[in-house]
Amino acid sequence: MKPFAQHQVVIIGGGAAGISVAASLLQRNRHLDIAIVEPNETHYYQPAWTLVGGGAFRPAATRRAMHDVIPRGVKWIRAAAAGFHPDVNRVELADGEQVGYDYLIVAPGIRLGWDRIEGLVDTLGANGVTSNYGYKLAPYTWELVQNLKSGRALFTQPPMPIKCAGAPQKAMYLSCDAWRRRGVLDQIDVSFHNAGAVLFGVEAYVPALMEYIKRYDISLNFNESLVAIDGPAKKAWFERKDAEGKVQRREDQFDMIHVVPPQSAPDFVANSPLADVAGWVDVDQESMRHKRYANIYGLGDACNAPNAKTAAAVRQQVPVVAHNLIRDMGKTGSPAYYTGYGSCPLTVQRGKIVLAEFGYGGKLEPTFPTWFLQGMRPTWKAWFLKKTLLPPIYWHLMLKGREWLAKPKLKQETATNGASS
Ligand code: FAD
C-alpha cells in the first residue's frame, strides 16, 4: 500500500469554519498536529458581499490570501477532498492521495447550483443578470443599481436551505433604498420571487420587513422558483405548483435580475458515508459530533444541524467543536453544546439593519439587551455593528481562535448567548 500522510486532526475546508476551528483548537493546545485540506488560494469574508452589492463596502476588503489566514503551525494541504473512508480514518484527495487522521472535522461549505438554472451560467455578470453570492458578481449588482433609472427589477430566492437566508431580500432593500435616494424608485417596478411561502422564517421579524416592502412598493410572489433565464432577451421563467400540484410556468421580463442560486451539500459529501439522506454531514445538533463516527465532527454550512447557515452560527459552533474534541483527547470536564444560534443582519436601508438573532426552532437569542439594540426594529447601531465592527471581529478574533461572546456552554450550565457575524 502507498504510504500516506497522517495527522492528529484533519480539517476539510479553509473557510469561516475550518480556519476558526483550527485556531480555536490551537488556543486550547498549541502542540496539536493539525492539517487543513483546502484547494483555494483565497479566503473570503462573504457576509460583507451584501454591502458590496449595496455600494457600502470595498470588494477587496472581503478577501485575504489563504496562507495569511491559516494559523501558524497548521499544515496546509493544497488539494480538494474527494471522498471519505471513515472505517479506516482516511480522507481521499482529488489527486488520489490519501490523508490519515485521528480526528476529522468536515467543513467544506455549501454548493452553489448556478448550473441548476437553465441559461444562467452563460449570462451571469452581463445583460443585467447579477448575484451577491459571487465575489466577482457583487460589484456588478451595485453597477446595475447605479445605472438603472426605470424598468423592471426582479430579485429571486431559491428553496431552503441556503446560506444567509436573508441575503436575497437584503440585496433588494439596499437596491430600492439607492433608487429611492436618487428619486427613481417610482419608475422601477420591483418584485420578489421566493420559492418559499413566507418572507422570513422567524415570524417576529416579518412586521418590520413588511414596512419596507410597502415603503418600496415591492410586489411579493411566493412559492415561485426561477428555472430558466435568457440574458440577451432579458427574459426569466418561473415555475410554481398550483393547489392540485400541477406545475405552472410563467415568463417575465427584466431590466435587472438578482439571482440567488439553489444550494445543496457538496457532491463529495453527499456521495459519502458521512451524509444524511439529503446529502449533508450528519451531526448531532448539540455536540456537532457525527452521528455514526465518534471521531468525526461537522460544522458550518455543510452540516445538517437545523440552524440558519451563517458565519454567526459558525462563530458559536466552533468553540463547541474545539471544546468537545479536546475533551475526546482526554481533557476532563463537561461536554459543550450548541443552541442553534444564528444571525441575519437584514439591511433594510443604507445605515439601518434589523438584526435577527435566533436559535433552534426560531427561539429568539438576542446578544444585546433591548434597551441597547431593539432586535425587531431597524437600528443604526446594528448597521454599525455589521459594517464596522464585525469584519475586524471576524479577521482578528474569530479566525484567531479568540472566542469573544462565544464561550462554549457546558452541559450542566444554563444558556446565555453570543454575537452575530
Ligand atoms: P465557507 O466559508 O464557504 O468555506 C468553505 C471552504 O471549503 C471554502 O474555502 C472552500 O474552498 C472549501 N472547500 C470546498 N470544497 C472543498 C473540498 N472538496 N475540499 C476541501 N475544501 C473545500 N453569514 C452571516 O453570519 N451574516 C451575514 O450577514 C451573511 N451574509 C451573507 C451574504 C452572502 C451573499 C453570502 C454568500 C453569505 C453570507 N453569510 C452570512 C453566510 C456565511 O458566509 C457562511 O455561512 C459561512 O461562510 C459558512 O462557513 P463555512 O466554513 O461552512 O463555508
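Test of the criteria: in the stretch 79-169, which trypsin sites (Lys or Arg not before Pro) are in a DSSP loop and have at most 10 other Cβ atoms within 10 angstrom of their Cβ?
Answer in residue order: Lys136.
At 0.36 nm per residue, and after removing the present C-alpha to C-alpha distance, how many nm does the segment from Glu239 to Asn147 gain when stretched out fully?
30.2 nm
I want to make sure I understand the PRE zone here: with the label point 7 angstrom from the Cα of Ala5 toward its beta carbon, which residues in the stretch 101-127 have backbone N atoms less than 18 Å away?
Under 18 Å, as judged by backbone N against the label point of Ala5, lie 101-108 of the stretch 101-127.
With a/c under 1.5 counting as rounded, go ahead and sort the stretch 235-274 into rounded, prolate or oblate using the C-alpha gyration tensor (a ≥ b ≥ c being the square roots of the eigenvalues; past the cut-off, prolate if a/b is larger than b/c, else oblate).
It comes out oblate by the Cα gyration axes.
If you find the alpha carbon centre of the stretch 65-82 and of the stretch 275-318, how far apart are they in angstrom?
For the stretch 65-82 versus the stretch 275-318, the Cα centre distance is 21 Å.
Please give me, ordered by residue number, the GluC sites (Glu not before Pro) of the stretch 85-128 that lie in loop per DSSP and have at most 16 other Cβ atoms within 10 Å.
When the GluC sites (Glu not before Pro) of the stretch 85-128 are filtered for loop state and at most 16 Cβ neighbours within 10 Å, Glu97 remain.
Taking 8 Å as the Cα distance limit and 6 or more residues as the minimum spacing, I'd like the relative contact order of the stretch 332-421 as a percentage.
33
For His396 and Trp371, calculate 0.36 nm times their separation in residues minus their Cα-Cα distance, and state this gained length in nm to one decimal.
Answer, rounded to one decimal: 6.2 nm.
Using a simple spin-label model with points 7 Å from Cα along the Cα→Cβ vector, what separation in nm is obtained for Ala65 and Asp267?
About 3.2 nm, to one decimal.
Please report the antiparallel percentage of DSSP beta bridges with both residues in the chain, rounded to the nearest 5.
For the chain, the DSSP antiparallel bridge percentage is about 50.
Just flag the trypsin sites (Lys or Arg not before Pro) in the stretch 16-72 sitting in loop per DSSP whose Cβ has no more than 12 other Cβ atoms within 10 Å.
Arg30, Arg72
For the stretch 295-400, treating each Cα as an identical point scatterer without solvent, what Debye log10 I(q)/I(0) comes out at q = 0.20 1/Å?
Those come out to -1.09, one per q.
Need the full-extension length gain, Lys246 to Met210, defined as separation in residues times 0.36 nm minus the C-alpha distance. One decimal, nm.
10.0 nm
At 7 Å along the Cα-to-beta-carbon direction for both Thr332 and Val198, put a label point, then send me their distance in nm to one decimal.
Between Thr332 and Val198, the simple spin-label model gives 4.6 nm.
Scale the Cα Rg of the stretch 29-148 by the rule-of-thumb value 2.2 N^0.38 Å and send over the ratio, two decimals.
Dividing the Cα radius of gyration by 2.2 N^0.38 Å gives 1.36.
Considering amide H positions built from the backbone, and no H for Pro or chain starts, which residues 5 or more places from Thr42, or on another chain, come under 5 Å of its amide H?
Hits under the 5 Å cutoff: Met66.
Find how many whole Å separate the alpha carbon centroid of the stretch 6-51 from the alpha carbon centroid of the stretch 197-218.
For the stretch 197-218 versus the stretch 6-51, the Cα centre distance is 36 Å.
Just how large is the dipole of the chain about the Cα centre, in debye to the nearest 20, putting +1 at every Lys and Arg Cβ and -1 at every Asp and Glu Cβ?
Magnitude of the dipole: close to 1380 debye.
Please list, in chain and number order, the residues 5+ apart from His7 or on another chain whose amide H is under 5 Å from its amide H, with Hs placed from the backbone.
Counting only residues 5 or more places away or on other chains, the set is Gly100, Tyr101, Asp102.
Kirkwood hydrodynamic radius (Cα pairs, Å) of the chain?
Roughly 22.1 Å, rounded to one decimal.
What is the chain's relative contact order, in percent, from Cα pairs under 8 angstrom and six or more apart in sequence?
For the chain, the relative contact order is 18 percent.
Taken together, the values in this text are just the output of simple stated rules run on the coordinates, not laboratory data. Since the model is a prediction, treat every value here as computed from it, not as a measurement. All Cβ positions, even for glycine, are placed from backbone atoms using ideal geometry, and neighbour counts span all protein chains on display.
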